[in-house]
1. Report in % the part of the accessible area of the range 221-332 that belongs to carbon and sulfur, leaving out ligands and nucleic acids; probe 1.4 Å.
2. In the structure displayed, which of 161/311; 64/161; 289/317; 35/273 lie more than 28 Å apart, Cα to Cα?
3. With N residues in the chain, what two-decimal value do you get for its Cα radius of gyration over 2.2 N^0.38 Å?
4. Do any of 116/215; 11/215; 6/215 go past 30 Å between their Cα atoms, and which?
5. Accessible area per residue for the chain in Å², computed with a 1.4 Å probe and the full protein assembly in place, what is it?
6. Please work out whether the range 3-176 counts as rounded, prolate or oblate from its C-alpha gyration tensor, where a ≥ b ≥ c are the square roots of the eigenvalues and a/c under 1.5 means rounded, while otherwise a/b larger than b/c means prolate and anything else oblate?
7. Relative contact order of the range 234-337: what whole-number percent is it, with Cα pairs under 8 angstrom and at least 6 residues apart?
8. When the Debye formula is applied to the Cα atoms of the range 221-332, each taken as the same point scatterer, what base-10 log of I(q)/I(0) results at q = 0.12, 0.20, 0.22, 0.24 Å⁻¹?
Amino acid sequence: MLPWHKSAFTKLKQMIDQNHLPHALLITGMPQMGKFELMQQLVQTLLCHDQSCGECRVCRAIAKDNPKEILEVPTLIRRSHYPNMVYCRTEVNDRGVESKNIRINQIRAFCEALNKTADDLQIGVLFYADQMNVSAANSLLKTLEEPRDNTLIILLAHNPKNLPATILSRCQSVHLSPAYDEATQTWLEDHISQTQNADFDVAQLLENTHGVPFKVLSELSGDGFIHYQNWQNQLLDMVAHPTTLSQVQDFEGNEVAVLNCLQNLVIEGIRLKSLGHEGGLVELNQVVKTVRPDFLFRLLDDIYHAINLSKTTVNIKLLLDNVLIVWSHITHLKRYPQITRT
Ligand SMILES: [Zn+2]
């Protein structure tokens with residue numbers, strides 16, 4: 001189980017054990033919190049004869065369901081590899097464009113599929129339930145108001161506030177909260193080191209993504225990670241050799257991402273300085289050795305401020321340039337200059 005799912009899953013497990021599982025369940029949380037994975041875990045626990053063993057026919061069928069693969073083809077609803085389960089989400093048209101809404105014809109097909117008589121539990125999973133249009137929501141409400149035995153409807157939603165109160169009142173909800181805890185950090189460390197051999201402050205990365213571990217991984221994967229490394233290298237290069245400041249590349253258009261990258265470096269620098277340790281980055285160790293700690297804190301402050309200002313109409317390129325001048329000279333500044341306060 002994913003460590004940040006623990007409390008939500010415990011709540012679900014209690015419902016199962018006490019036979020209090022509702023007819024409709026709502027799983028909420030920010031994008032990429034793993035709502036689909038929590039749903040899979042719940043369904044396996046319900047259907048597997050050995051508490052989600054991961055190996056039996058049922059567990060394997062459910063684990064095969066990949067939301068992307070199953071749901072990308074335009075269709076009203078999709079069947080799971082497990083025969084008594086259906087999925088529904090916003091339609092994707094022939095040109096690959098996703099509709100903004102779940103429509104009533106989809107909800108009708110979804111409820112019909114669940115209505116067939118069967119001895120086994122019928123499960124329906126509704127992705128992006130907060131994107132149902134009004135008539136679709138009304139149609140679903142009818143089914144929720146007359147729940148059939150042996151049926152479980154699971155709604156997944158980013159923002160429950162967009163769901164009608166009438167639907168909300170028919171669902172038991174479980175929320176996946178942003179995760180910053182130690183177990184999540186350890187999980188993240190393991191998963192980062194599997195793909196990249198790099199020094200990251202996972203606590204900081206979680207802060208940057210507002211506590212969404214999968215987002216950290218996706219930001220560090222593929223192109224994103226290559227860019228990040230390239231920026232980090234250039235930032236380290238300019239602090240070791242301030243004359244290279246004029247040669248920086250690829251910063252244009254990526255100012256905020258570069259500021260975030262520098263922010264991570266400065267935070268790591270502060271951490272190493274306060275512990276009196278050396279880290280994995282040679283150039284950063286050099287900085288930490290000679291820099292005045294209060295200058296690092298002031299620079300960090302200026303970076304925060306610049307990131308905040310980037311949401312306004314301020315000239316972010318100029319702001320980044322000013323921050324970089326200070327950063328590249330941080331070890332031999334006599335006085336800390338005023339940079340971002342305007
Ligand atoms: Zn099993």
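1. Carbon and sulfur together cover 53 percent of it.
2. Working: 161/311 25 Å; 64/161 31 Å; 289/317 30 Å; 35/273 39 Å.
Table pairs above 28 Å Cα-Cα are 64/161; 289/317; 35/273.
3. On the way: Rg = 25.0 Å, N = 342, 2.2 N^0.38 = 20.2 Å.
Computed over Cα atoms of the chain, the ratio equals 1.24.
4. Details: 116/215 38 Å; 11/215 24 Å; 6/215 19 Å.
116/215, as the Cα separations exceed 30 Å there.
5. Working: 18030 Å² over 342 residues.
Computed with neighbouring chains in place, this is 53 Å² per residue.
6. Working: a/c = 1.35, a/b = 1.24, b/c = 1.09.
Because its axes are fairly even, with a/c under 1.5, the range 3-176 counts as rounded.
7. On the way: 84 pairs, mean separation 38.7, N = 104.
Normalised by residue count, the contact order of the range 234-337 is 37 percent.
8. At q = 0.12, 0.20, 0.22, 0.24 Å⁻¹ the computed log10 ratios are -0.38, -1.09, -1.30, -1.49.
The values are calculated or read from the model by the stated rules, or taken from the named source; none is laboratory data. Small disclaimer: the values here were computed from a predicted structure and weren't measured. Quick note on the areas: whole protein, heavy atoms, side chains included, nothing else; ligands and nucleic acids left out. Shrake-Rupley method; radii C 1.70, N 1.55, O 1.52, S 1.80 Å.
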